[in-house]
Amino acid sequence: MTATTVDGLPAATGTPGARPVPDAVVVGPDDHRYGELVRGDNYRFVGRPDHVELVHDTGQVVDALRRALAEGKRVAVRSGGHCPEAFVADPAVKVVIDLSLMSDVYFDPEMGAVVIEAGATVGHVYKALYRNWGVTLPAGVCTAVGVGGHISGGGYGPLSRLHGLVADHLYAVEVVHVDEAGTVRTTIATREPHDPNRALWWAHTGGGGGNFGIVTRFWMRSPGASGSDPGELLPKPPASLLIAMVTWSWEQCDLSAFTRIVRNFMAWHVAHSGVGSPFAGLFASLWVRHRSGGGLTMFVQMDSTAPDAEAKLDAFLAAVDEGTGATPFVLRNHLPWLTASRYMGQGDSGPVLGSRIKTKAAYLRDVHTDEQIATLHRWFTSEDYFGRESLMMLNGYGGAINAVAPADTASVQRDSVIKAAYSAAWGDPAEDERHIAWLRGLYGELYAGTGGVPVPGDLADGSYINYPDVDLADPAHNTSGVPWHELYYKDNYPALQAVKAAWDPRDVFHHGLSVRPPSS
């Protein structure tokens, strides 16, 4: 698996042993494995490719792509399979290149960075980094998500207020792509200023997956880190976490109490999410479930080794509770970091949440208006809708994330304080229209003042490409006049289009929300 020198850059070294590489596995419709491999986390979409090819290394990716192109077949790539839209399961896709068998995590001494293969999951990466070297990445809580999409879309999680986005620690990326002549090439691009391929690295710091080629490996090293000790190249997580789970029932949350809880939570983040905030080590996520499925739950974690950790957690809980008139149930605990990292963790959400999913998202810069909060209360307490797994998450953001300039990476939203996610999940295909309509109605009314979408402005700052929503490109649901790509990429979009023109000029890799060639 040791790579040859590519485009004048050093070869990768340090891969595990000289064990032989198995042949790629080709699975067609007659194979009993086919049904599992053509669906991802969202069971709404099931692909019908001619075959799925499971690969073990970059060379096999190159071979698979060459064969597909020679046969005139459209290709898509799958890492963890957690895309909520039909980007891989598109009926036009005839070959799926599955990276899930490429999951090694190892140190490359020549590059001075830790390599993560693109098929690894977040949970596997956490264990490998921590148990080998005592380090981590500020990645998410969904442990079954593949890093191929997670990192290239920016990636964030409970430690991001302390350590920034996952993509902020990306040193280099290996991409299999197709040039203007139709030749399949492999390029390693780094963040080094002198690297002629640097723009390709930049595009994978938040430009999203499936846009420019097939990412096979990531090299991770924090900015400013150097040396040959992998234990000094990435962030060290807290030794242990002080965690809390706070729950309110809907019986406690009339409009007045609900307004105070949501407003208090958001206002605290507006006040305590600046760069260098003494509360950067505190991460909180407020989950609002539809009345038919529960109440409000807030998950909080705090570096228990930080000065005054208990007092800071107490102050946060008091700030959220102020003036609510409700008495929540509070559970507190101390846990080692790796154990606690799974406290809010989710695996494959399909079987857990009901298998059929629709998601939406928003970056938030300020507190919702009272009208917006009343809208949330009305939709989440409506008695004419039953959605046990329909919810909103308000996730703490800002801190170290906002220390990076918007143009320094493709992740352009760098002054938000909350990242919001909205979703519905269910099991019966006959209920698709009802649940999707509910979510569209909630989201459209919540952002009615800006054409039904979170247009960048004083209160919001667009949406997150790793929570893709094709409705943003549909004028029936986005009446703002602001194009979908501005909601995701803002002023960085022309630079992403330039990368598209240079590295995927034939538009081999595309989907419903992919970066369009400049001519488009």
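No lab work stands behind these numbers, since they all come straight from the coordinates. Being a predicted model, the structure only gives us computed values, none of them experimental. Cβ sites come from the backbone with ideal geometry, for glycine too, and all protein chains shown count toward neighbours.
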- Note on the structure: Between Y43 and residues 5 or more places away or on another chain, the pairs with built amide H atoms under 5 Å apart involve R356, I357
- Message: Looking only at segment 25-236, where both bridge partners belong to it, what percent of the DSSP beta bridges are antiparallel (to the nearest 5)?
- Response: 75 percent
- Taking only the Cα positions of segment 240-490, the convex hull volume per residue in Å³ is 127 Å³
- Query: How big is the gap, in Å, between the Cα center of segment 145-207 and the Cα center of segment 271-293?
  - Reply: 28 Å
- Note on the structure: Other residues with Cβ under 12 Å from the Cβ of H485 give, with Lys and Arg +1 and Asp and Glu -1, a net charge of +1
- Message: So, R0 is 51 Å and r is the distance between the beta-carbons of S228 and F386; what FRET efficiency does that work out to, to 0.05?
- Response: 0.30
- Give me the compactness ratio for segment 25-236, meaning the Cα radius of gyration over 2.2 N^0.38 Å. 1.00
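Residue separation times 0.36 nm, minus the C-alpha to C-alpha distance between E36 and D458: what's the value?
Values: separation 422, 0.36 × 422 = 151.92 nm, distance 4.42 nm.
So the extension gain works out to 147.5 nm.
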- Please list the non-local residues whose amide H lies under 5 Å from the amide H of L241, H modeled 1.01 Å from N, same-chain partners needing a gap of 5 or more. S304, L335, W337
- Peptides 377-390, 136-149: what's the order by average Cβ count within 10 Å, highest mean first? 136-149, 377-390
- Query: Which lysines, on any chain, are close to K358 with Cα under 18 Å apart, when same-chain ones fewer than 8 places away are left out?
  - Reply: K419
- Theoretical gain in end-to-end length, T327 to V470 [0.36 nm per residue, Cα-Cα removed]: 47.5 nm
- Note on the structure: Karplus ³J(HN,Hα) for segment 259-274 (6.51 cos²θ - 1.76 cosθ + 1.60, θ = phi - 60°; Hz, whole; x = Gly/Pro) runs 4, 5, 4, 5, 5, 4, 4, 5, 5, 4, 6, 4, 7, 10, 10, x
- Query: If Lys and Arg each add +1 and Asp and Glu each add -1, what is the summed charge of the other residues whose beta carbon sits under 10 Å from the beta carbon of L338?
  - Reply: +3
- Message: What number does the chain give for Rg over Rh if you use C-alpha atoms and the Kirkwood radius?
- Response: 0.95
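Which length gain, in nm to one decimal place, applies between R185 and R67 when the Cα-Cα distance is subtracted from 0.36 nm times their residue separation?
41.1 nm
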- Task: May I ask you to evaluate 6.51 cos²θ - 1.76 cosθ + 1.60, the Karplus curve with θ = phi - 60°, for each residue of segment 402-417 and list the ³J(HN,Hα) values in order in whole Hz, giving x for glycine and proline?
- Result: 7, 7, 9, 5, x, 8, 5, 10, 6, 6, 8, 6, 10, 9, 7, 10
- Cβ-derived FRET efficiency at R0 22 Å, A407 paired with R506, nearest 0.05: 0.20
- Message: Quick query: amide H of F107 versus all other amide H atoms, modeled in the peptide plane; which residues come in under 5 Å with a sequence gap of 5 or more or a different chain?
- Response: V115
- Note on the structure: Taking the convex hull of the alpha-carbon atoms of segment 426-520 and averaging its shadow over every direction gives an area in square nanometres of 7.5 nm²
- Describe numerically, in nm with one decimal, the distance between label points set 7 Å from Cα along Cα→Cβ at L338 and at S249. 4.0 nm
- the chain, relative contact order in percent, only Cα pairs under 8 angstrom and at least six apart counted: 16 percent
